Amino acid sequence: MEFFIISMLNGLSYGLLLFMLSSGLTLIFSMMGVLNFAHASFYMLGAYIGYSVARLVGFWPGLIVAPLVVGLLGALFERLALRKVHKYGHVPELLITFGLSYIILELVQLVWGRTAVEFRPPEMLQGPMFTLLHTASDGMDFVWGAAPAELCQSAACSPFPATRGFMMLVALFMLVSLWLMLTRSRIGLVIQAALTHPEMVEALGHNVPRVFMLVFGAGAALAGLGGVIGGSTFVTEPAMAATVGSVIFVVVVVGGLGSLSGAFLASVLIGVIQTFAVAFDYSLTTLAQQLNIELSAAARNNEILKLTLSQVAPILPYLFLVLILIFRPRGLLGTREE
């Protein structure tokens with residue numbers, strides 16, 4: 001039971017990290033119609049800026065400063081570059097953001113190097129948030145923080161890292177905040193109206209290009225926030241953008257282009273599915289043996305049947321993407337057909 005609980009929590013925390021990244025991309029696409037290929041690079045940039053600030057003044061100031069800096073850089077990019085090609089359509093927008101991702105990667109390697117840096121979380125987030133205890137006689141229990149050593153000698157201890165718990169809380173707070181801003185605030189109504197009726201919004205006295213600049217900057221800032229938390233929880237290295245970049249686009253497409261609730265649902269599903277696939281190290285051959293199913297010699301030697309779930313886990317999100325595009329092209333909760 002504790003294996004299932006810990007695996008589920010790990011899957012949820014990974015899925016919520018994906019949501020922290022995909023929410024900014026979804027915000028930009030739903031409001032501007034721009035599919036930003038450099039979004040994962042803003043995530044990486046947030047991690048490195050947060051690392052540098054944390055070395056000087058501590059983690060918590062870095063958690064605030066890094067998203068602001070990344071958001072400002074994103075707004076400047078929209079104002080000075082993306083806005084110039086917006087009128088030419090989606091292909092130039094994709095190409096310019098694709099080029100930006102390589103520029104950011106090279107700059108990161110020039111400034112911080114090509115190897116991973118040690119971005120440690122603050123002391124209060126180091127160690128477990130709680131520990132599950134499992135004994136043969138008393139069943140399952142848990143204690144906050146780290147369990148005493150004497151308890152772990154007589155029971156199986158399964159700690160859950162505090163950094164993952166903090167990541168989950170921030171992601172849920174981000175979901176509620178974005179939903180309230182877009183559906184219950186005046187600025188959210190202006191942003192949505194600027195996408196569908198820009199002339200009317202301008203006639204009412206709003207600066208539509210400035211609205212789009214702020215939206216792009218806000219999306220980049222959300223990626224930067226995810227970078228600070230993800231970089232301190234996992235690893236901060238130049239390859240971190242490539243690691244999650246393609247998965248973010250899978251999340252956005254599977255959830256439905258422009259759907260914030262769809263991005264949340266797809267993030268959680270993909271995070272949980274991948275985590276359990278890694279945890280259950282079974283192959284079809286092993287499963288057949290446990291079910292007492294006789295296999296032929298050719299089947300036992302078949303390399304495909306020997307593949308375990310953990311080996312195919314990296315391709316599961318893309319398989320999910322293919323199935324969604326075949327049977328529900330607009331995504332799980334999407335309404336747009338683009």
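Please give the solvent-accessible surface of His86 in Å², to the nearest 10, using a probe radius of 1.4 Å with every protein chain present. Accessible area, nearest 10 Å²: 80 Å².
Note on Phe98 and Ser261: the model spin-label points, each 7 Å out from Cα along the C-beta direction, lie 3.4 nm apart.
Fully extending the segment from Leu169 to Gln109 would add 18.5 nm, taking 0.36 nm per residue of separation and subtracting the current Cα-Cα distance. Sites count as exposed loop sites when they are trypsin sites (Lys or Arg not before Pro), lie in a DSSP loop, and have at most 15 other Cβ atoms within 10 angstrom; the longest stretch of the chain without one is 115-335.
I need the shape label for the range 1-125. Rule: rounded when a/c is under 1.5, else prolate if a/b > b/c, else oblate, with a, b, c from the alpha carbon gyration tensor. Oblate is the answer for the range 1-125, as a/c is 1.5 or above yet b/c matches or exceeds a/b. Scanning residues 5 or more positions from Phe130 or on other chains, those with amide H under 5 Å from its amide H are Gly145, Phe160, with H placed 1.01 Å from N in the peptide plane. Sorting Trp112, Trp144, Trp60 on solvent-accessible area from highest to lowest, probe radius 1.4 Å, gives Trp144, Trp60, Trp112. Annotation: Val176 carries an accessible surface of approximately 80 Å², with a 1.4 Å probe and no ligand, DNA or RNA atoms counted. Here Val190 and Val91 are evaluated by their C-beta separation; at R0 = 30 Å the FRET efficiency comes out at 0.60.
Between Met200 and Ile315, what FRET efficiency follows from the Cβ-Cβ distance if R0 is 30 Å, with the result rounded to 0.05?
Between Met200 and Ile315 the formula returns 0.05.
Counting only whole DSSP H helices of the chain, the ones at least 20 Å long by C-alpha along their axis and with mean Kyte-Doolittle hydropathy no lower than 1.6 are 59-77, 240-255, 260-279. Given +1 at the Cβ of Lys and Arg, -1 at the Cβ of Asp and Glu and no other charges, the dipole of the chain around its Cα centre is 940 debye to the nearest 20. The modelled label-to-label distance between Ala239 and Ile6, using points 7 Å beyond Cα along the C-beta direction, is 2.6 nm.
Please give the length that would be gained between Lys84 and Val176 if that part of the chain were fully extended, namely 0.36 nm times their separation in residues minus their C-alpha to C-alpha distance (nm, one decimal).
Going from the current span to full extension adds 29.8 nm.
Panel values: the chain, Kirkwood radius from alpha carbon pairs, Stokes-Einstein at 20 °C and 1.002 mPa s, translational diffusion coefficient 98 µm²/s. Each residue was assigned an accessible area with a 1.4 Å probe, and for Met124 the value is about 140 Å².
Legend: calculated FRET efficiency, Leu325 to Ala149, from the Cβ-Cβ distance at R0 = 45 Å, rounded to 0.05, equals 0.30.
Out of Thr275, Thr236, Thr115, any idea which swings most in a Gaussian network model of the chain, alpha carbons joined below 10 Å? Residue with maximal mean-square fluctuation among Thr275, Thr236, Thr115: Thr115.
The values are calculated or read from the model by the stated rules, or taken from the named source; none is laboratory data. This structure is a prediction, so every number in the text was calculated from the model and none was measured. Ideal geometry is used to build each Cβ from the backbone, glycine not excepted, and the neighbour counts take in all protein chains shown. Areas reflect the complete protein model, heavy atoms only, side chains present, ligands, DNA and RNA absent. Shrake-Rupley method; radii C 1.70, N 1.55, O 1.52, S 1.80 Å.
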